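Asks: My questions will all concern the structure given below.
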Amino acid sequence: MLDAEFFRRWMTATATSVEREAERLTALDSPIGDADHGSNLQRGFRAVVAALGKEPPATPGAVLMLAGRQLVSTVGGASGPLYGTLLRRTGKALGDGTEVSEERLAEALGAGVDAVRALGGAAPGDKTMIDALVPAVEALGGSFAAAREAAEEGARATTPMRARKGRASYLGERSIGHQDPGATSAALLVAALVDAAEA
Ligand code: ADP
Ligand code: MG
Ligand code: MG
């Protein structure tokens with residue numbers, strides 16, 4: 001079973017990965033965006049860590065809802081409301097129990113991804129974070145490591161895609177040949193589940 005402490009570790013491990021990869025995320029956002037994805041998420045996840053440290057929530061659901069609220073209020077770009085919706089909706093779907101099963105997490109994350117799809121209108125193949133998140137949710141029934149592999153593979157698979165949502169879509173065909181920054185950061189979020197489980 002996964003408790004609030006596990007979810008707090010998931011968020012702090014994501015923050016650590018974002019700090020480590022911020023320059024790369026911003027570099028990926030340079031040819032097909034406005035070169036701010038790394039700094040956007042850095043600002044957001046620093047706020048998440050600060051908020052979780054101030055008053056640690058007692059339940060898994062509350063941890064993710066607090067993290068999501070921080071992302072919405074501190075990240076100016078498209079990724080703030082999208083990741084904020086992902087975490088808030090996933091947290092809400094976890095309910096108010098003090099522990100949740102891995103199966104419950106997989107279902108809840110599925111609901112979170114559906115909410116991101118509803119908000120942003122992106123489908124698989126549109127070259128967005130959805131291309132990493134959807135395969136990750138599918139693989140999460142297996143193990144965290146399987147979900148990490150699926151998300152990383154999904155992020156790599158965005159390279160030959162033509163963007164149909166977000167800033168990259170303004171480039172049309174010229175968006176082809178670059179890995180999507182949001183799919184790349186989504187893979188970091190999923191990979192951090194493995195870190196949280198190993199800690
Ligand atoms: P902005 O484009 O406002 O500068 P970011 O650079 O922080 O925001 O985030 C860009 C990422 O957000 C993209 O790489 C993509 O993965 C994701 N994204 C943008 N629009 C959408 C959307 N409509 N649905 C899902 N993901 C999206
Ligand atoms: Mg950007
Ligand atoms: Mg921007």
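The values are calculated or read from the model by the stated rules, or taken from the named source; none is laboratory data. Because the structure is a prediction, the values reported are computed rather than measured. Here the Cβ positions follow ideal geometry from the backbone for every residue, glycine too, while neighbour counts run over all protein chains shown.
Asks: Return yes or no: is LEU71 more than 15 Å from ligand 1 (Cβ to nearest atom) and assigned to a helix (DSSP H, G or I)?
Replies: Working: more than 15 Å from ligand 1 (Cβ to nearest atom): no; assigned to a helix (DSSP H, G or I): yes.
Here the answer is no, as LEU71 does not meet what is asked.
Asks: Same structure again: Testing ALA4 on (1) surrounded by 20 or more Cβ atoms within 10 Å (Cβ to Cβ); (2) under 21 Å from LEU133 (Cβ atoms); (3) away from ligand 2 (no atom under 16 Å from the Cβ); (4) touching a residue at least 60 places away in the same chain (Cβ under 8 Å), one condition comes back false. Which one is that?
Replies: Result: ALA4 fails condition (2) only.
Asks: Follow-up. Among the residues of the stretch 154-175, write down those that are under 17 Å from ALA123 (Cα atoms), more than 16 Å from ligand 3 (Cβ to nearest atom) and surrounded by fewer than 19 Cβ atoms within 10 Å (Cβ to Cβ).
Replies: ARG156, ALA157, THR159, PRO160, ARG162, ARG164, GLY172
Asks: Return the total of residues in the stretch 85-110 being part of a helix (DSSP H, G or I), surrounded by fewer than 16 Cβ atoms within 10 Å (Cβ to Cβ) and small (Gly, Ala, Ser).
Replies: Here the count works out to 0.
Asks: From the list GLY95, GLY110, GLY120, GLY68, which one is away from ligand 3 (no atom under 16 Å from the Cβ) and under 23 Å from ALA157 (Cβ atoms)? Give the steps one after another, and end with the answer.
Replies: Working: GLY95 fails: under 23 Å from ALA157 (Cβ atoms); GLY120 fails: away from ligand 3 (no atom under 16 Å from the Cβ); GLY68 fails: under 23 Å from ALA157 (Cβ atoms).
Testing whether each residue is away from ligand 3 (no atom under 16 Å from the Cβ) and under 23 Å from ALA157 (Cβ atoms) leaves just GLY110.
Asks: Would you please list the contacts, defined by Cβ atoms under 6 Å and residues six or more apart or on different chains, that run from a residue in the stretch 31-54 that is charged (D, E, K, R) to a residue that is within 16 Å of ligand 2 (Cβ to nearest atom) and modelled with pLDDT of 95 or more?
Replies: Note: pairs meeting the criteria are ARG43/THR74.
Asks: Residues that are touching a Phe, Trp or Tyr at 6+ places or on another chain (Cβ under 9 Å), buried (at least 24 other Cβ atoms within 10 Å of the Cβ) and of a type in the set (Val, Ile, Thr): does the stretch 72-84 have at least one?
Replies: yes
Asks: Follow-up question, since we're still on this one. Just checking, how many residues over the stretch 58-101 are away from ligand 2 (no atom under 16 Å from the Cβ), of a type outside the set (A, V, I, L, M, F, W, C) and in contact with a Lys or Arg (Cβ under 6 Å, 6 or more places away or on another chain)?
Replies: So the answer is 1.
Asks: How many of the residues in the stretch 29-44 are touching a Ser or Thr at 6+ places or on another chain (Cβ under 7 Å), near ligand 2 (Cβ under 6 Å from one of its atoms) and not in a helix (DSSP H, G or I)? Steps first, answer last, please.
Replies: Step one: filter the stretch 29-44 for residues touching a Ser or Thr at 6+ places or on another chain (Cβ under 7 Å), giving 32, 35-41, 43-44.
Subset that is near ligand 2 (Cβ under 6 Å from one of its atoms): 36-37.
From what is left, the residues that are not in a helix (DSSP H, G or I) are 36.
Qualifying residue count, the stretch 29-44: 1.
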